[in-house]
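Structure first, commentary second.
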Amino acid sequence: MKITDALFAEHVVFHNMFDHIEAAAPKLKTLAEVKCLAAVVECLLQAHSDTEDELFIGPLEHCFEQIGHRETFHEEHEQIERNLQLLQTTKQLKKARSLLLGIVQASRKHFDKEERIVFPMAELVLNSKTLISLAQLWRVQRQVPSRNG
Ligand SMILES: [Fe+2]
Ligand SMILES: [Fe+2]
């Protein structure tokens, strides 16, 4: 398996979760429920974005610079993260709900850009041995840390 296959598969799961959030958000009655959903998104997205930042920025740095996307890739992760943190400080249900839906929309847009530009670029520039060894690193990173210390 290539790293791009692994990351793409994660995107699919996120899209399923986003579908659920978009359907459920209008029906949520309390601020706590919105914050709770947002906390799940934050936790899962953080792990996904960290993996991309750690495994992609290095090997693809020169390409990002060429297409002028070096900062964008990382900045979009940070922007989404900042909005998730802002949501947790919000005291109004309406505002929290609209922030959550905005975050979902921004994430979908970001994923789409990765699927159209970043993943194909990685498959073009990195050889298959590298793509496979990055997927092995992904597998290690994704393992739940041992609870026995
Ligand atoms: Fe990303
Ligand atoms: Fe991604």
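All of the numbers you see were taken from the coordinates with simple rules; none came from a lab. A quick note: this is a predicted structure, and the numbers were derived from the prediction, not measured. Glycine also receives a Cβ, built like all others from the backbone with ideal geometry; neighbour counts cover every protein chain displayed.
Projecting each Cα onto the charge dipole of region 31-83 (Lys/Arg +1, Asp/Glu -1 at the beta carbon, about the Cα centre), which of 67, 83, 56 comes out farthest on the positive side? So the residue we want is 83.
When the P(r) of the chain is calculated, the portion above 21 Å amounts to 48% of the C-alpha pairs.
Stokes-Einstein diffusion for region 1-49, with the hydrodynamic radius set to the Kirkwood value over Cα pairs and evaluated at 4 °C in a medium of 1.567 mPa s, equals 108 µm²/s. Note on the chain: lysine pairs with Cα distance below 13 Å, sequence gap of 8 or more or different chains, count 7. Its Cα centre serving as origin, region 16-118 has a Cβ charge dipole (Lys and Arg +1, Asp and Glu -1) of approximately 980 debye.
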